[in-house]
Amino acid sequence: MVRALLLIVAATATFPAWAGCAVADALIGQYGISFSGFTHALPRVALPAEQQSGPDALVTLALPNQNGQVSDGFSHSALINKDKKRVWILRTGGFAGVYEWYGPVALPTASFAACATEPGHQPQPRRQPAGAAS
């Protein structure tokens, strides 16, 4: 009983990795990004059209589902060009297993201070498995 109570307290006291990331919160709020997609229409593209401006220009940032995970829901991440102040959003998962790019959208005026970013790079086209329809 005590162990169960301690586990519940520990689980509710810890914040997710994205908590306090102003850029992620701004993107999620502005475009309505969730496990079910977007509430605002975004332009769909084959791949981001990015040329790295500087060695640290591109970063990636997870855009979490703030309402929790849904087994057949979408996951989103952002490829951000900090020099050009634009964002490309990658949607993956879902019932049919999509891999879709959207953007560019303007980088919100927000701080990266509490964000867990990783170095970004220009993505390569996904290869279709042999025999798969395109």
Problem set entry | Amide proton proximity set for ALA114, modelled H, under 5 Å, gap of 5+ | ALA22
For this session: Work out, step by step, the length gained on full extension between LYS85 and ALA26: first 0.36 nm times the residue separation, then minus their alpha carbon distance; give nm to one decimal.
Result: 19.9 nm
For this session: Report the local net charge at GLY32: Lys and Arg +1, Asp and Glu -1, summed over other residues whose C-beta lies under 15 Å from its C-beta.
Result: 0
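Every read-out reported here was derived from the displayed coordinates using simple, explicitly stated rules and does not represent laboratory data. In this text the structure is predicted, and so the values were computed from the model without any measurement. Please note: Cβ atoms are built from the backbone with ideal geometry, for glycine as well, and neighbour counts cover all protein chains shown.
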